[in-house]
Amino acid sequence: MLRRKSAEDRKTEIIAAVLDLSDRIGPDRLTTNDIAQEVGVTQAAIFRHFPTKAELWTAVGDAIADRLEVAWQQAMDGNASPMTRLRALIAAQLQQIAETPALPAILHSRELNVDNAALRDRFRGVLMQYQAHLVAHLQAMAEAGMMGAGVQPKDAAVLLTSLVQGIAIRWSLGSRSFDIVPEGMRLLEVQLVLFACKEG
C-alpha cells in the first residue's frame, strides 16, 4: 500500500512541477490544470495546498529565494579574499540559473511584474541583497587597491548584475547552446581586468 505524501512533501512536489513547467511552457501560460496533471492530482488538490494561484507563486518565489540565499552564503563561507568571494558569488548565481532554467522567465514574467506584488517585492528584496554582497566585496577590493580610482563599487555591482542577466538571456534565447557557468566566468574575468585599469 502506498504511503500518502505529507502536506509539506506535496507542496514541495507542486513547487518543483511549477519550476519545471515554467521552463517548458512559460510561467505566463502555466495553469493549475497543467500543474495538477504534472503532479498527478486533481486541481482541487492543488488548491487545498495553495488556495490561490498568487499564493502558489509566492511559495515558488520563496523557494527560489531560499535556494539563492543558501548558494550565496556557501560561496562567501568557502572563500577568504574579497575577489575570490566575488568570483564565487557570480559563479553561484550562474549555477542557480543553470539548475533552475525557468528563473529568468519567472523574473521577467507578467505574473511577477504586474499581477503579483508580493512575488515582485520578494524578488526585488533578494536581488537587492545580492547586490549588497557584491558591493561589499567590490568595496573591499577598492580599499586593497585592486580597482581603478574611477570605479565606484555600486556602479561595478550593477555592471556585474547586468553581466549575469545578459548571459542568462543569451543562454535562454540561444537554446542553451553553451555552458552558462564557464562562459559567465570568462566574461567576469574580462570585466575584472577593466575594473582594475588605472587612469592614464
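The values are calculated or read from the model by the stated rules, or taken from the named source; none is laboratory data. What you see is a predicted model, and the numbers here were worked out from it, not measured in a lab. Here the Cβ positions follow ideal geometry from the backbone for every residue, glycine too, while neighbour counts run over all protein chains shown. What goes into the accessible areas is simple: the full protein's heavy atoms, side chains included, and nothing from ligands, DNA or RNA. Shrake-Rupley method; radii C 1.70, N 1.55, O 1.52, S 1.80 Å.
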Requested in this report: Would you work out which of Ala45, Ala118, Leu56 lies farthest towards the positive end of the dipole of the chain, given +1 charges on the beta-carbon of Lys and Arg and -1 on that of Asp and Glu, about the Cα centre?
Outcome: Ala45
Report summary line: The rounded separation in angstrom of the Cα centers of segment 78-123 and segment 40-76 is 15
Query raised in the report: After finding the eigenvalues of the alpha carbon gyration tensor for segment 101-194, what semi-axes result from the square roots of 5 times each, listed largest first in whole Å?
Result: 27, 19, 8
Report task. Round to the nearest 0.05 the FRET efficiency obtained for Ala54 and Ala7 when R0 = 25 Å and r is the Cβ-Cβ distance. Result -> 0.85
Report summary line: Quick tally, 1.4 Å probe accessible area for Phe47, Phe195, sorted with the most first, runs Phe47, Phe195
Query raised in the report: Quick one, what does Rg over Rh come out to for segment 52-131 if you take C-alpha atoms and the Kirkwood Rh?
Result: 1.03
Query raised in the report: What is the magnitude of the charge dipole of the chain about its Cα centre, with +1 placed on the Cβ of each Lys and Arg, -1 on the Cβ of each Asp and Glu, and no other charges, expressed in debye to the nearest 20?
Result: 220
Query - segment 1-130, relative contact order in percent, only Cα pairs under 8 angstrom and at least six apart counted - result: 28
Query - Which of Asp62, Asp155 is most accessible, then next, and so on - probe 1.4 Å - result: Asp155, Asp62
Query raised in the report: Scaled to the compact-protein estimate 2.2 N^0.38 Å, what is the alpha-carbon radius of gyration of the chain, rounded to two decimal places?
Result: 1.17
Requested in this report: Rounding to the nearest 20 debye, state how big the charge dipole of segment 76-123 is about its Cα centre with +1 on each Lys and Arg Cβ and -1 on each Asp and Glu Cβ.
Outcome: 160
Requested in this report: Starting from the exponent 0.38 and prefactor 2.2 Å, build the expected Rg for segment 69-109 from its residue count and divide its actual Cα Rg by it.
Outcome: 1.29
Query raised in the report: So what does Met185 come to for accessible area, using a 1.4 Å probe and Å² rounded to 10?
Result: 40
Report task. Obtain the nm distance between the two label points defined at Thr84 and Glu143 by a simple spin-label model: each point lies 7 Å from its Cα along the Cα-to-C-beta direction. Result -> 1.9
